[in-house]
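Everything below concerns the one structure shown next.
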């Protein structure tokens with residue numbers, strides 16, 4: 001018998017015992033007659049009133065069966081011990097009733113006649129003996145659970161998610177393993193990134209100032225002047241056509257600001 005079927009059988013047997021105990025306690029356990037002013041009247045007591053500890057023990061057995069079903073080694077052992085304790089509780093409660101069956105009937109007789117008096121001997125039904133046998137069966141299941149707790153310690157893993165990945169200690173969880181061709185890389189001196197493998201400067205970026213050797217000139221030659229605002233075009237030397245055109249444009253703009261027509265000053 002493997003560990004899992006053995007565990008399942010113990011749990012199912014315990015649940016059957018719990019259901020039967022609850023059914024047995026709802027039946028009549030002891031009956032008798034009580035004298036009244038008009039004669040005698042039959043009184044009876046169910047197991048829930050004659051031995052209330054049996055019902056409580058049945059509930060404990062249900063909880064212990066759950067612990068045995070899904071628990072690990074310690075939980076299974078505790079569940080087995082709980083089964084043993086509940087079984088002892090059932091047997092002791094039944095034994096107390098068998099020793100004094102008239103005790104529960106006196107209260108029932110007082111409700112009928114007003115006095116705690118019985119006429120004749122009380123009669124026991126077979127249900128208290130059935131409850132004692134069921135308690136013994138639960139105790140046997142508890143012994144099996146305690147003895148097999150070491151073999152059942154891994155059976156509860158079927159409730160865990162299978163194939164869970166184990167992350168090594170110290171390994172970054174989000175670090176890439178291989179460089180992808182489409183993966184962006186950072187180019188020193190540039191403000192943005194560009195795809196790996198690209199040889200030219202990134203589009204929309206401003207490269208860092210470089211020497212003449214980096215621009216294809218002679219080694220040691222100074223690069224263009226970039227002392228202006230970031231991203232602005234290099235300033236051209238004075239006296240060039242570009243400088244003259246820019247100066248004329250600024251003069252025309254000033255003339256417009258003064259309300260003058262700059263086209264009058266231009267040659268036809």
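We did not get these values from a lab; they are worked out from the coordinates using the rules stated. Predicted model only: the values in this text are computed from it and were never measured.
Centre-to-centre separation between the Cα atoms of region 56-71 and those of region 113-152: 17 Å. Output needed: percent of Cα pairs per 10 Å distance bin for region 19-155, bins running from 0 to the one holding the longest distance. Taking every Cα pair in region 19-155, the percentages come to 14, 35, 23, 15, 9, 4, 1.
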